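Here's the structure, in structure tokens; my notes come after.
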Amino acid sequence: IIMKNLMDFCIGTFMFVFLGYGLMMSEDYIMGLIGVPNLDIFSNFDNFNYSQFVFQLVFCATAATIVSGAMAERTKFSAYCIYSALISLVVYPISAGWVWNLAGKGWLQQLHFVDFAGSAVIHSVGGVAALIGAIIVGPRIGKYTVRRKTGKVKVNAIPGHSLTLGALGVFILWFGWYGFNGAAATNNDSLAVIFLNTTIES
């Protein structure tokens with residue numbers, strides 16, 4: 001799983017540079033559904049918004065990594081790499097462009113849809129992909145339960161885990177979560193205004 005997550009960034013970065021970011025942030029949109037990539041990252045070096053690119057790249061990779069846990073131990077590494085390339089190349093960029101296109105051309109943007117901290121753009125895309133993948137590969141038959149000849153089901157015990165490493169992982173994730181969601185929430189200036197107005201009205 002760790003190697004799959006690493007590949008999400010390695011493969012995803014290449015795909016996002018090559019086409020994904022251009023699809024997502026294009027100023028020319030077809031009916032608000034898909035951008036026409038202008039490939040500014042290859043031609044407009046002086047004026048290209050590199051911080052925005054890296055910011056969106058991390059979100060793209062995050063959507064891709066959600067899937068690895070849902071299909072753990074049931075997919076070939078090569079098949080997972082192909083999936084990672086496709087979600088970073090077209091799936092995430094197109095759906096994220098509907099909400100976060102900088103030119104405001106996405107069809108959900110035009111309906112005034114607001115995604116607070118990536119709950120729809122990142123987690124819904126990753127979650128739906130994970131659900132589809134889990135349905136296709138099916139359960140881990142034989143890992144946690146075994147059906148005996150008598151028909152009874154024997155439950156296999158789950159091996160113990162390291163509480164120290166588990167707690168360390170929680171703190172690392174928690175620390176990163178503050179910066180991640182804080183930055184996502186302020187990615188669009190209107191989000192902060194909507195949040196403040198909602199809080200005051202409440």
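The values are calculated or read from the model by the stated rules, or taken from the named source; none is laboratory data. Worth saying up front: this structure is predicted, and the values here are computed from it rather than measured. Cβ: placed from backbone, ideal geometry, glycine included. Neighbour counts: every protein chain shown. Calculation scope for accessible area: heavy atoms of the full protein, side chains included, ligands and nucleic acids excluded. Shrake-Rupley method; radii C 1.70, N 1.55, O 1.52, S 1.80 Å.
Observations on the model:
- Summed over the range 45-85, residues that are free of Cβ contacts under 8 Å to residues at least 40 places away in the same chain, of a type outside the set (Phe, Trp, Tyr) and either open to solvent by less than 50 Å² (accessible area, probe 1.4 Å) or part of a helix (DSSP H, G or I) (or both) total 5.
- Number of residues in the range 1-50 that are hydroxyl-bearing (Ser, Thr, Tyr) and under 18 Å from the mean Cα position of the chain (by Cα): the value is 2.
- When Tyr29, Tyr21 are screened for being closer than 28 Å to Gly176 by Cβ and hydroxyl-bearing (Ser, Thr, Tyr), only Tyr21 passes.
- Of all residues in the range 1-44 being under 12 Å from Ile94 (Cβ atoms) and assigned to a helix (DSSP H, G or I), the one that is most open to solvent (accessible area, probe 1.4 Å): Leu19
- Scanning the range 110-135 for residues that are free of Cβ contacts under 8 Å to residues at least 60 places away in the same chain and over 16 Å from the mean Cα position of the chain (by Cα), we see that the one that is least open to solvent (accessible area, probe 1.4 Å) is Phe113.
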